[in-house]
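A short worksheet on the structure shown next.
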Amino acid sequence: AGDKTFFVDTGREVFCWLTKNDGTAPVEAANVFGKVYWSAANTVSPDDDGGTRTLAGRVWLSEDDGKIAVEPLREV
């Protein structure tokens, strides 16, 4: 339950933004490789707030200082 399979192309260069983590609904280790949404300016959350938040992208890593590396994506 909740298991996910990911394919990562290790030879691929990935562009990421460093964003802030939302304090109310924060990105956690379990969200890595999952989608995140803009909750405020330069701040992301894994919660889409009932479909009202815009997709920011995919989480690649969470830094120790609270910054989140997000690969920009668009909904298709």
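Worth pointing out:
- Where labels lie 7 Å past Cα in the beta-carbon direction, separation of T52 and F33 in nm: 3.2
- Rounded to whole Hz, the Karplus (6.51, -1.76, 1.60) HN-Hα couplings of segment 39-56, x for glycine and proline: 9, 6, 4, 6, 10, 10, 8, x, 8, 8, 6, x, x, 8, 9, 7, 5, 8
Here, each number is a calculation from the coordinates, and none is a lab measurement. Since the model is a prediction, treat every value here as computed from it, not as a measurement. Note that we place each Cβ from the backbone using ideal geometry, even for glycine, and neighbour counts take in every protein chain shown.
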